[in-house]
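Structure record follows, encoded as C-alpha cells.
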Amino acid sequence: MALIVQKYGGTSVADAERIRAVAERVVATAREGNQVAVVVSAMGGETDRLVDLAHELGGDEPDPREYDALLSTGEQKTTALLAMAIRRLGATARSFNGAQMGMRTDAAHTRARIESLDAGRIRAALDQGHIAVLAGFQGTDEDGNITTLGRGGSDTSAVAAAAALEADVCEIYTDVDGVFTTDPNVSSRARKLERVAYDEMLELASLGARVLQTRSVKFAKRYGVRLHVRSSFHGGEGTWVVPEEEVMERLVVSGVTYNTNEAKIRVRGVKDQPGVAAALFTPLSASAIVVDMIIQNVGQDGSTDLTFTVPRDDYARALGLAQDAASVIGAQAVEGDEAIAKVSIVGLGMKDHAGVATRMFQVLAEEGINIQLISTSEIKVSVVIEEKYTELAVRALHAAFVEAGATAPVEES
Ligand code: ASP
Ligand code: MG
C-alpha cells in the first residue's frame, strides 16, 4: 500500500463542480489501495478577494495577526467542502486546518516559515481508513496564533506533509500539464519535460516558471520528496521533480525562462575603493529590497560603474535609496530603466559542456538583440535585454537549444 499526498491548486477547486471532480480522483486513488492525504488551496480567486476585503476594512497595513486569521479561512472552506464531497462518494474523509494537522511555524505573519509538522493526527486518521483533507498555506505559531506561509504556500504545505508522512510521492495537481521547456504562450514549440532535477526546478521556478512555489522545491530537495506536477483535468503523466541521479536525459538546456518583473539601476562614476558597494547596498537590504544581479565594471581612472537589478515593485524605492547613497559616496549619476527583461537558459547538462553561454550570445546577436547584463551559475546563464525583445529572444533560444536537441550546438568539453 502506497501513501500518496495530493495537492490541488485554486483553479482545480474553483467551484462545486471541480471540487466534485477532485473528490472523484481522490477516491479513485484510495480505491486503488492507497492511503491518501490531500492538501488544498483556497478556491480560485478567494485569497485575492480576502486580501481586498482586508485592505478595505483594515487599511493599507491591516493587522498581520488578523490578516492571517482571515486568509486562512479560504483553505479551510475548501477542506470542509472536499471532505463532504468525498463522503458523498461513499468514502470517509476528515478535514484538518493548520493547527489540527500539527503544522507549527514561526511567528512571522504573512510569510511564516515551517518549524515542525507533528503528523500524528493525520497518520491516525489515515490508519483508521480516512482520507485526510489538509488545509494548505497555514499553521500556528507557538502561542497558537494562526499564521500563513506566503502566496503560493500550499505547495510548501504539501511537501511538508509528504516529508512528515514519508509519502511515496507528492502529486501537485495544477491547471497545466507539467513543467514546460518554455512558456507555451510564447512558443508553440514548448514541450513538457518528463523529469527535472530539484536544482533545475529551483532555477526554473525562481526564474519565472510559475508552477511551484520556490520554497516547496527547496523543501522537497532537502527531504528527498519526489514531486509529480500534473494536470487535474486529465489523467496523463506530468513532470517528475526528482534527485539528480534519477534524471537520465541530462539536457544541456532544459528550459528557457523570462522575467519581466525586474528593473535596472546604474550608479555611474563611483569611487573604486573599499566600502562603496557596502554603502550602496546596505540601505537596500535594510529596506528588505532583494537585489538580484550585480555587475561592477573594471575601474578606470579611479572610478567605476555599478549596475544592479531589483523587483519592479521595489523600483521607485530602490532608486530613491540609490540616489541618497550616491550623494553620500560622491557618485556622478544614478540612472534607472524599468523596460528590461531577464532571459535565462537552464540545464543540468551545462555542467559537462563548454561554450553554452557563447552560443547563447551568438543566437541573440543573430537576432540583433543587445545584451545589457550577464550572470551565470553552474546550471544557468541569464542575460538582461530590452523588454520589447523578450518573446523574440525566448523563441530564438528555445529553437537553438531545445528544439535543436540536447547537445548539437555545443562542443564537448
Ligand atoms: N491560497 C493561497 C494563495 O492564493 C495559497 C496557495 O494557493 O498556495 O496564494
Ligand atoms: Mg500555486
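The values are calculated or read from the model by the stated rules, or taken from the named source; none is laboratory data. Bear in mind the structure is a predicted one, so any value in this text is a computation, not a measurement. FYI the Cβ positions are ideal-geometry reconstructions off the backbone, even for glycines, and counts take in every protein chain you see.
Things to note:
- All conditions in (1) at pLDDT below 95; (2) among the hydrophobic types (A, V, I, L, M, F, W, C); (3) crowded, with 21+ Cβ neighbours inside 10 Å hold for L397, with the sole exception of (1).
- Taking each residue of the stretch 184-206 that is in contact (Cβ under 8 Å) with a residue 40 or more places away in the chain and looking for partners that are surrounded by fewer than 18 Cβ atoms within 10 Å (Cβ to Cβ) and not in a loop (DSSP other than H, G, I, E, B) with beta-carbon atoms closer than 6 Å, six or more apart or interchain, yields V186/E391; R189/E403; A197/E244.
- Meets criteria (aliphatic (A, V, I, L, M), out of contact with any helix residue (DSSP H, G or I) (no Cβ under 8 Å at 6 or more places or on another chain) and without any contact (Cβ under 8 Å) to a residue 24 or more places away in the chain) for A124: yes
- Filter result (buried (at least 19 other Cβ atoms within 10 Å of the Cβ) and within 22 Å of G98 (Cα to Cα)) within the stretch 29-53: Q35, V36, A37, V38, V39, V40, S41, A42, M43, E46, T47
- Residues in the stretch 203-243 that are under 24 Å from G405 (Cα atoms), within 16 Å of ligand 2 (Cβ to nearest atom) and either part of a helix (DSSP H, G or I) or among the aromatic types (F, W, Y) (or both): L204, A205.
- Of all residues making up the stretch 112-155, the number that are closer than 18 Å to A220 by Cβ, part of a loop (DSSP other than H, G, I, E, B) and of a type in the set (A, V, I, L, M, F, W, C): 3
- Check on L227, modelled with pLDDT of 95 or more and aliphatic (A, V, I, L, M): yes
- Segments classed as helices (runs of 4 or more DSSP H), wholly inside the stretch 266-378, with at least 1 members that are of a type outside the set (D, E, K, R) and within 30 Å of E249 (Cα to Cα): 356-366
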